[in-house]
Every structure is written in C-alpha cells, then in structure tokens.
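The values are calculated or read from the model by the stated rules, or taken from the named source; none is laboratory data. Remember, it's a predicted structure, so these values are computed and weren't measured experimentally. Every residue, glycine among them, receives a Cβ derived from its backbone with ideal geometry; neighbour counts consider all protein chains shown.
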Amino acid sequence: MSAVVEYMNAVNKSLSARWPALHVVLGNESCDLDSAVSAIVYAFLLHSLQNGEEAIGVVPVLNIPVADYPLKSEVTHWLQRHGIYQNSLLFRDEVNLGRLQEGGSLRMTLVDHHVLPPADARLQAAVVGVLDHRPLEPNAPACEGGSVIVEQVGSCCTLVAEQVLSRNPALLDPVTASLLYGTIILDTVNLNPAAKRVTPKDVEVSTQLARLMSPPPSSVEVFQELSQAKANVSGLTCDQLLRKDVKVATGGGLRVGVASVPLRLTELLARSEGGRSLTEHLATRSYSLLVLLGFTTTQETVTRDLAVFCPDASLRDQVVSQLVEGQGGVLQLAPLEYEGVEGCAAFRQGNVGASRKMVMPLLKAWLTARTS
Ligand SMILES: [Mn+2]
C-alpha cells in the first residue's frame, strides 16, 4: 500500500486518539482537485518532517461539509483511483476548528488560498503557514514567523511537489506522484500555453513527477479522464445537481437561485419527481424562484436551455418576460417541448454563447427595477 494511503487511513485514528493538538492543512472552500490534493500531500509532507517527540497530529481537512463531497466528482474519482476513500477523509463539519483554537490547540496551514473567508476570520491567529499560487492580496494578514510560500504558477500542486522534491523526495512513490501530476495537468489544461495557465515551473515539475511513474503517463489521457470525471453527474440527484454550481441574486425582497447544470433541462426535470424536488429545494434554500441553466457540450455542438421555476404565476411571468425580451431578446429563447412540471417555464436558448455571466445582469436589472 502506498505510504500516502496508509497515512490517510491513519488520519481518522489519530483524531480518535485525541491528539492534544492538531495541525490542520486546509484548502479553499471550492474544494476543487487542487485544494484537495494540495491539502493531502502537503499534510503528508509536514507529518513526515515532524520529529517523533512532538505530540501533534498533522491532518488535511477538506473545506466542505461531508454531504457535498459527491458533488466534487473529479475529486472523488481521482482520490478513489489512488486508494483514498471518503472514510479516510476529514471534512470541515467533522472537526470543530473554533473549539480547538479556543483551547489553544490548533495550528493551521492554508493551501491553495491565503486569506480566510470572513466567517473564519477568528481562526487567523492559528495560521502558521501558507502555500498558494495566486497573487498575494494587498490586505492579506501577515503570518509572522510562519512559513509563507506564494508564487504564481498554474497549480498549487506544482508548489507542493516542489516542496516534497526538495524536502523529502522519498515520499514520492508512483501513487503520490500521480496524485500531484493529474492535478497539475487538469489545472493547466494539459500544459497548454493557449489556456494561459501554465508556467515553466509547472512543465518542469510535472516532467519530474512523470519520471517517477511507470509506465509513463499520457498527459492527454489523464486530462481527458479528469475532465470527464468533472462533467460526470450521472450519480447525482436533482437536489445535488442544483447545489453543484449555483449563484444567488437578491433584490426587491426576492432571493433568486441561478443553478447551472451540465445536462439538457428535460433530463434534469425528468429527475425532479414531477417538480417535487424543485419545490423542496426552493423551501430549504429560501429562494423566491429558481432559474435553471442547462448546457451540454460535445466537440461539435453546444446546447443551452433555460427554465424559470416559480410557483407564483405572476412573478414567474414577470421574470420570464424580462429574460425573453431583455437586451433586445439577446438570449433568443424559444419554448421547449417537454413533459410539463407545474410552475416551470422552460426554453431552448438559441444564443449558445450566452452563459450565466450574461443572464445574471438581466436578472439583477429586473430585481433593481422592482425595488425602485
Ligand atoms: Mn488552485
């Protein structure tokens, strides 16, 4: 068994053994593949560098509630493929960081971000290290005496790999190397300069990692496998699909959920139990209405659909006419034939270039106009 898998299997045990103190390595709240793999491998490195007398457990924490883990389909896929299963992972709602900190028994290293969100600001005092690949924010809190490594490269995993290579290269067995390698390939769109993510260091480090794997990986295949896993929503329920990628617009006393789903909307609505899951979703999230944006892409074609779900007919008609007519009918909406769901108006969107970035301003303009 790979050492990184053994380490991860021990993570839960180390917690249940009640370490007097914890050193948590925390990724950002999107919990994308970069955050998850960076947290795991960097925690593994820090753990390996401790001397035996120090009674502190170093553990990676995935910065989402455990219930959201199935939504991160490329993360679940890549970790499972390397022998790391959900039961050896620690999620944000499974460990009380606030209480640990109050007891003075928390240290934190932030990976793939370097500023805690406002809700976590009180944890700042516990931060002893940062490893991030985005430009340093001007208002970033100083981490005095801590280990701060911030460098703009395509993937935080490039920086993690560089640290492992220089501080404890023996950790890089084929499994650990592959975990990092795949993440760098996904983040840099297969090291493609046209995508404007990749830097010379990403290329250099991923080449070094590839040498540690046998047979040598095909970066094209790795990229395809991870992109497909990311788009794979076959196992998700309607409710999970609606939570996967959602933005909220508010105004005029209304709260509008705008959910993007990688499916034809006819397929989503078919999974909605005749609209029951939409009604429940509206209630649990306190939305006044839901706008659903469906999209599919193949090599040749892109499809986009749009639907407005709102039990209140007059409100629904208002938002529908705004979306149909707004900005000279830019979205090119035409009614969609489908098995009806009550309270739902669905359209095929002729303008397939118009993503949520174009829909949101239309909605916001409508919400603002309601206020005045
Ligand atoms: Mn990242």
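Only one of these is touching a strand residue (DSSP E or B) at 6+ places or on another chain (Cβ under 9 Å), within 15 Å of residue 249 (Cα to Cα) and either assigned to a loop (DSSP other than H, G, I, E, B) or not assigned by TED's automatic domain parsing to the domain that holds residue 265 (or both): 287, 338. Name it.
That would be 287, the only listed residue that is touching a strand residue (DSSP E or B) at 6+ places or on another chain (Cβ under 9 Å), within 15 Å of residue 249 (Cα to Cα) and either assigned to a loop (DSSP other than H, G, I, E, B) or not assigned by TED's automatic domain parsing to the domain that holds residue 265 (or both).
So which of 35, 48 ends up being crowded, with 18+ Cβ neighbours inside 10 Å, closer than 20 Å to residue 128 by Cα and not β-branched (Val, Ile, Thr)?
When all the criteria are applied, what remains is 35.
For residues that are farther than 13 Å from residue 158 by Cβ and charged (D, E, K, R), scanning just region 196-220, find the one that is nearest to the ligand (Cβ to nearest atom).
Going through the qualifying residues, I end up with 196.
Consider region 281-332. How many of its residues are touching a His at 6+ places or on another chain (Cβ under 8 Å) and among the hydrophobic types (A, V, I, L, M, F, W, C)?
Looking only at that region, the number is 1.
Tell me yes or no: at least one residue of region 146-154 is touching a His at 6+ places or on another chain (Cβ under 6 Å) and either surrounded by 14 or more Cβ atoms within 10 Å (Cβ to Cβ) or basic (Lys, Arg) (or both).
Yes, there is a match, as at least one residue in region 146-154 is touching a His at 6+ places or on another chain (Cβ under 6 Å) and either surrounded by 14 or more Cβ atoms within 10 Å (Cβ to Cβ) or basic (Lys, Arg) (or both).
Within region 169-190, track down each residue that is within 15 Å of the ligand (Cβ to nearest atom) and in a loop (DSSP other than H, G, I, E, B).
188, 189
Looking at region 73-122, which of its residues are among the aliphatic types (A, V, I, L, M), at pLDDT 95 or above and not in a loop (DSSP other than H, G, I, E, B)?
Answer for region 73-122, where residues must be among the aliphatic types (A, V, I, L, M), at pLDDT 95 or above and not in a loop (DSSP other than H, G, I, E, B): 75, 79, 108, 110, 111.
So if I check each of 193, 135, 141, which one is exposed (fewer than 15 other Cβ atoms within 10 Å of the Cβ) and within 14 Å of the ligand (Cβ to nearest atom)?
135
Can you tell me how many residues in region 341-366 are over 21 Å from residue 301 (Cα atoms) and in contact with a helix residue (DSSP H, G or I) (Cβ under 9 Å, 6 or more places away or on another chain)?
Total meeting the criteria: 10.
Identify, please: which residue in region 144-157 is over 19 Å from the mean Cα position of the chain (by Cα) and either closer than 29 Å to residue 181 by Cβ or not small (Gly, Ala, Ser) (or both) and is, among those, farthest from the ligand (Cβ to nearest atom)?
144
Restricting to region 1-42, name every residue that is within 16 Å of the ligand (Cβ to nearest atom) and either outside any loop (DSSP other than H, G, I, E, B) or among the aliphatic types (A, V, I, L, M) (or both).
25, 26, 33, 34, 35, 36, 37, 38, 39, 40, 41, 42
Does residue 326 count as modelled with pLDDT under 95, farther than 17 Å from residue 261 by Cβ and outside any loop (DSSP other than H, G, I, E, B)?
yes
Tally the residues that are under 23 Å from residue 2 (Cα atoms), part of a helix (DSSP H, G or I) and in contact (Cβ under 8 Å) with a residue 40 or more places away in the chain, restricting the search to region 191-213.
Count: 4.
Inspect all residues belonging to region 77-85 and state whether any of them is among the polar types (S, T, N, Q) and surrounded by 13 or more Cβ atoms within 10 Å (Cβ to Cβ).
Checking region 77-85: not a single residue is among the polar types (S, T, N, Q) and surrounded by 13 or more Cβ atoms within 10 Å (Cβ to Cβ).
Let me spell it out: the conditions are (1) surrounded by 15 or more Cβ atoms within 10 Å (Cβ to Cβ); (2) of a type outside the set (A, V, I, L, M); (3) on the phi > 0 side of the Ramachandran plot, and residue 201 meets all of them except one. Which number is the exception?
That leaves (3) as the condition not met.
Between a first residue in region 243-270 that is within 15 Å of residue 307 (Cα to Cα) and a second residue that is among the polar types (S, T, N, Q) and modelled with pLDDT of 95 or more, which pairs have beta carbons less than 8 Å apart while being 6 or more apart in sequence or on different chains?
256/288
Which of the helices (runs of 4 or more DSSP H) contained wholly in region 218-270 include at least 2 residues that are out of contact with any Cys (no Cβ under 6 Å at 6 or more places or on another chain) and closer than 23 Å to residue 342 by Cα?
So the answer is 238-244, 265-270.
Are any residues in region 331-345 among the hydrophobic types (A, V, I, L, M, F, W, C), modelled with pLDDT of 95 or more and surrounded by 14 or more Cβ atoms within 10 Å (Cβ to Cβ), and if so, which ones?
Within region 331-345, 331, 333, 344, 345 qualify.
Only residues that are within 16 Å of the ligand (Cβ to nearest atom) and in contact with a helix residue (DSSP H, G or I) (Cβ under 6 Å, 6 or more places away or on another chain): list them for region 117-132, please.
131
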